[in-house]
Structures are given as C-alpha cells and as structure tokens.
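The values are calculated or read from the model by the stated rules, or taken from the named source; none is laboratory data. All figures in this text were calculated on a predicted structure; none of them were measured in a lab. Cβ placement follows ideal geometry from the backbone for every residue including glycine, while neighbour counts extend to all protein chains displayed.
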Amino acid sequence: MATKTEEPKRSPRERLLAAANELFYAEGVQTVGIDRIIEHAGVAKASLYNTFGSKEALVRAYLESRHARTLDRLRRAVDRHTDPRARLLAVFDSQGAQFTRPDFHGCAFAAASAEAPRGGLVEQATDDYRGATRALLAELAEQAGVPDPAMLARQLQLIYDGAALGMRTDRDPTVAAVSRAAAEALLAAALR
C-alpha cells in the first residue's frame with residue numbers, strides 16, 4: 001500500500017504571505033482587509049501582528065516576495081540565451097508570457113503604490129523593485145554594447161510598464177508583441 005507524503009505544514013508567516021499574494025493581487029491592497037487575510041490564511045489575528053506588526057508591513061512583505069519572484073523569472077528567461085540582444089529582449093518575452101495567464105491583473109507594484117500614501121513602506125518596496133528592474137535592463141544593455149545603457153534602460157522600463165498597463169486595461173495580449181517590437185527598435189537605434 002502506497003503511503004501519501006504529507007506536505008509540510010506552512011508557518012503562519014508563509015500562510016499569511018500566500019493569502020496576501022492571492023487576495024491583494026486579485027482585489028487590491030485597500031479593498032482587502034486584515035480580517036479577510038487572517039481568515040484566508042487560517043491564522044490568529046495575533047499571528048499577523050506578531051509577524052508583520054501592521055497591514056502596511058504585510059503589504060511590503062507581499063511586494064518583496066513578488067519582487068523576488070519576478071526578478072527570478074526574468075533572470076531565468078535571460079539565462080536561456082547567449083546572444084546579448086536576445087538576452088535583453090527575453091525580458092519582454094517573459095513579460096508577454098505573463099499576459100496569457102488567466103490570473104494576470106497587471107503590475108502589483110503600480111496597483112499597490114497607487115493606493116498607498118507617499119513615503120511609506122509600500123513606496124519603498126515599489127522603488128526597490130523598479131530600481132532592480134531598471135538595473136537588470138541596464139546590465140543587459142551594457143552587455144549588448146549600448147553606449148548609454150542607463151538611458152536605454154529607462155526607455156525600456158517605460159515600455160515594460162506601459163505594456164503591463166495596456167494589457168491590464170485593454171485586455172489585449174497582442175500588446176506583448178507590440179512592446180517587444182518597440183524594445184527591439186529602441187535597442188537597434190541605441191546600437192547605431
């Protein structure tokens with residue numbers, strides 16, 4: 001008789017982050033209250049406050065976990081290529097693949113920061129994510145031989161951001177091909 005392997009029990013922190021990721025991303029950080037997170041995670045209210053201290057700190061932890069997963073996904077896509085131009089464009093291919101997911105709700109950072117007060121933990125998490133994304137684009141632009149990688153990275157980040165917004169608002173997955181073509185044209189122009 002085969003025995004079923006049990007999944008290890010997740011800690012209250014892991015359960016709270018999983019609940020926050022699911023609910024905040026689908027419905028928004030202001031819409032979802034602490035009580036729903038606690039109920040969804042199956043933990044006591046004290047667990048949330050002992051672990052995170054506040055809802056804002058939970059939102060920051062949620063965004064930091066998305067930051068880590070997104071950058072990991074982008075780096076894996078980049079690492080599948082050896083050609084420097086293909087490596088840079090892989091960022092847009094990876095983003096385009098996300099657009100086909102039925103649970104795609106746009107950029108979690110744009111949504112959370114639009115609802116958050118200036119200068120708080122959410123803005124810090126958003127700034128960290130955007131800085132890391134721009135740094136990746138600059139690193140890839142430099143590897144491709146672009147004379148001003150920082151400028152190209154800023155331009156490409158605008159395209160990346162705009163594609164996510166366009167997909168979210170228009171629900172048109174062809175925006176992925178348009179954003180990739182724009183990134184490719186900018187890269188070619190920067191290399192001239």
query: Is there any pair linking a residue in the range 20-38 that is more than 14 Å from Ala112 (Cα to Cα) to one that is assigned to a helix (DSSP H, G or I), with Cβ under 6 Å and at least six apart or on different chains, and which?
result: Ile34/Lys55; Ile37/Ala19; Ile37/Ala20; Ile38/Lys45; Ile38/Leu48
message: As an exercise: evaluate Arg168 against (1) crowded, with 16+ Cβ neighbours inside 10 Å; (2) at pLDDT 95 or above and give the number of the one condition it does not meet.
response: (2)
statement: Note: among Ser94, Ser65, just one is touching a Lys or Arg at 6+ places or on another chain (Cβ under 8 Å) and in the same structural domain as Arg134 (by TED's automatic domain parsing), namely Ser94
query: under 13 Å from the mean Cα position of the chain (by Cα) and hydrophobic (A, V, I, L, M, F, W, C): does that describe Leu89?
result: no
- prompt: Looking at (1) out of contact with any Pro (no Cβ under 9 Å at 6 or more places or on another chain); (2) surrounded by 13 or more Cβ atoms within 10 Å (Cβ to Cβ); (3) closer than 26 Å to Ala111 by Cβ, which is the only condition Leu137 fails?
  reply: (1)
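Go through the range 167-181 and give me each residue that's in contact with a helix residue (DSSP H, G or I) (Cβ under 8 Å, 6 or more places away or on another chain) and closer than 21 Å to Ala108 by Cβ.
Met167, Asp172, Pro173, Val175, Ala176, Ser179 - these are the residues of the range 167-181 that are in contact with a helix residue (DSSP H, G or I) (Cβ under 8 Å, 6 or more places away or on another chain) and closer than 21 Å to Ala108 by Cβ.
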